[in-house]
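The values are calculated or read from the model by the stated rules, or taken from the named source; none is laboratory data. The structure presented is a predicted model; accordingly, all values stated were derived computationally and were not measured. No Cβ is skipped: glycine too gets one built from the backbone with ideal geometry, and neighbour counts run over all protein chains shown. Side chains are part of the model used for accessible areas, which takes the heavy atoms of the whole protein and leaves out ligands, DNA and RNA. Shrake-Rupley method; radii C 1.70, N 1.55, O 1.52, S 1.80 Å.
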Amino acid sequence: MDEPRTPAANDAARIHATPSAAPIGAQVHGVDLALPLGDAAFERILDLFHRHAVIVLRGQRLTPAQLVAFSARFGPLDVHHMTEHVFPELPQVRVLSNAKQKDGSTAGITRGGMHWHSDLSYKPVTALATLLYGLECPAEGADTEFASTTAAWAALPEEAKARLAGLTAVHDRNFRYSALYPNRAPLTPEQVAGVPPAVHPLVVEHPATRQPALFVAKDVVSHVVGMDAAPSRVLIDELEAFITRPEFVHVHRWQAGDLVVWDNRCLLHRATPYAFDRDVRTLWRTQVKGSAPRAPAIASA
Ligand code: SIN
């Protein structure tokens with residue numbers, strides 16, 4: 001935490017947020033997750049999560065079990081379908097790390113998530129939230145960027161909204177996998193078959209806030225259903241470029257002890273590069289299961 005550890009930590013009435021300059025993102029004060037957290041305090045955090053979509057709790061000192069316990073307050077946790085680099089006793093926690101081990105392998109997943117995406121968008125049931133806890137963070141680069149798909153939708157001209165409402169698009173993990181991850185083996189036929197493409201509305205409604213949001217990312221969405229390939233690609237690329245305009249983006253610059261919780265239902269995110277061969281970046285990650293994305297009534301009318 002950025003404040004002294006006092007018995008007042010986790011007092012619901014004292015938990016408050018400092019919003020970022022972007023439409024999403026806020027630092028939350030008054031929480032120490034190493035101490036007991038009552039229901040009222042968690043409800044306050046949940047409210048701030050719904051308001052700001054990305055919340056940052058600084059100065060935390062967490063064990064993997066404490067990270068799992070806090071993550072599970074948001075909902076049932078996912079065990080990632082790629083099971084390497086998880087804690088054997090706690091497979092809900094995945095390690096992201098380029099730290100070299102004695103055998104030359106890395107201690108965790110490296111160079112993941114460097115394209116704009118919403119976690120598990122390529123599955124029928126997508127991710128509600130992701131929690132990322134920083135243990136070692138480079139001084140330069142290695143940020144996580146978040147783009148508000150809600151603010152982007154709201155800023156679209158009415159005629160564009162009318163054109164997009166009711167469209168669906170295909171999210172496919174295999175679409176650009178080899179280009180995105182040249183340092184990894186291509187997905188095996190079994191892995192491809194295990195995660196078939198999913199069709200989702202291009203405009204979705206947030207289950208808690210009821211706000212509409214765009215749901216598209218150019219490196220994951222292969223095509224818009226019912227459109228010819230060329231105009232479909234143009235539309236997808238244009239929409240991502242619009243969503244990720246600087247006015248919709250919040251950049252999180254990591255410090256060790258940061259816990260960042262983001263809402264995959266109303267934003268895209270990506271990791272930025274750093275000096276992989278010089279600096280070490282280690283984080284623990286959990287993911288909360290969501291629901292099947294739904295179109296808002298306005299978009300399906
Ligand atoms: C992710 O996409 O979940 C990873 C984000 C990051 O490493 O900053």
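For region 269-278, check the following and say yes or no: at least one residue is within 16 Å of the ligand (Cβ to nearest atom), among the β-branched types (Val, Ile, Thr) and under 30 Å from LYS100 (Cα atoms).
If we filter region 269-278 for residues that are within 16 Å of the ligand (Cβ to nearest atom), which is where we start, we get 269-276.
Checking the rest, the ones that are also among the β-branched types (Val, Ile, Thr) come to 272.
Next, only the ones that are under 30 Å from LYS100 (Cα atoms) stay: 272.
Scanning region 269-278, I find at least one residue that is within 16 Å of the ligand (Cβ to nearest atom), among the β-branched types (Val, Ile, Thr) and under 30 Å from LYS100 (Cα atoms), so the answer is yes.
Please verify whether ARG265 is more than 17 Å from the chain's Cα centre (by Cα), at pLDDT 95 or above and more than 14 Å from the ligand (Cβ to nearest atom), treating the condition exactly as stated.
Values: more than 17 Å from the chain's Cα centre (by Cα): no; at pLDDT 95 or above: yes; more than 14 Å from the ligand (Cβ to nearest atom): yes.
It is false that ARG265 is more than 17 Å from the chain's Cα centre (by Cα), at pLDDT 95 or above and more than 14 Å from the ligand (Cβ to nearest atom).
So for region 283-301 (the condition being among the hydrophobic types (A, V, I, L, M, F, W, C), touching a strand residue (DSSP E or B) at 6+ places or on another chain (Cβ under 7 Å) and assigned to a loop (DSSP other than H, G, I, E, B)), does at least one residue qualify? Steps first, answer last, please.
Restricting attention to region 283-301, the residues satisfying the condition of being among the hydrophobic types (A, V, I, L, M, F, W, C) are 283-284, 288, 292, 295, 297-299, 301.
Restricting the remaining residues to those that are touching a strand residue (DSSP E or B) at 6+ places or on another chain (Cβ under 7 Å) gives 283-284, 288, 295, 298-299.
Going one step further and asking which of them are assigned to a loop (DSSP other than H, G, I, E, B), we end up with 295.
Yes, because at least one residue in region 283-301 is among the hydrophobic types (A, V, I, L, M, F, W, C), touching a strand residue (DSSP E or B) at 6+ places or on another chain (Cβ under 7 Å) and assigned to a loop (DSSP other than H, G, I, E, B).
Considering region 58-83 alone, what residues qualify as being hydrophobic (A, V, I, L, M, F, W, C), at pLDDT 95 or above and within 17 Å of the chain's Cα centre (by Cα)? First the steps, then the outcome.
Narrowing region 58-83 to residues hydrophobic (A, V, I, L, M, F, W, C): 62, 65, 67-70, 72, 74, 77, 79, 82.
When the remaining residues are screened for being at pLDDT 95 or above, the result is 62, 65, 67-70, 72, 74, 77.
The answer is LEU67, VAL68, PHE70, ALA72, PHE74, LEU77.
In region 209-225, which residues are over 17 Å from the mean Cα position of the chain (by Cα), open to solvent by 10 Å² or more (accessible area, probe 1.4 Å) and among the hydrophobic types (A, V, I, L, M, F, W, C)?
Filtering region 209-225 for residues over 17 Å from the mean Cα position of the chain (by Cα) gives 209-212, 222-225.
Going one step further and asking which of them are open to solvent by 10 Å² or more (accessible area, probe 1.4 Å), we end up with 209-212, 222-223, 225.
The answer is VAL225, and nothing else.
Filter region 217-262 down to the residues that are charged (D, E, K, R) and under 14 Å from THR144 (Cβ atoms) and list them by number. Quick ask: steps written out before the conclusion?
The initial filter retains those residues of region 217-262 that are charged (D, E, K, R), namely 218-219, 228, 233, 237-238, 240, 245, 247, 253, 258.
Passing the criteria: ARG253, ASP258.
Going by the structure shown, is GLY30 at pLDDT below 95 and either buried (at least 20 other Cβ atoms within 10 Å of the Cβ) or within 27 Å of GLN191 (Cβ to Cβ) (or both)? Even if it seems obvious, please write down each step before you answer.
Numbers: at pLDDT below 95: no; either buried (at least 20 other Cβ atoms within 10 Å of the Cβ) or within 27 Å of GLN191 (Cβ to Cβ) (or both): yes.
For GLY30, the condition - at pLDDT below 95 and either buried (at least 20 other Cβ atoms within 10 Å of the Cβ) or within 27 Å of GLN191 (Cβ to Cβ) (or both) - is not met.
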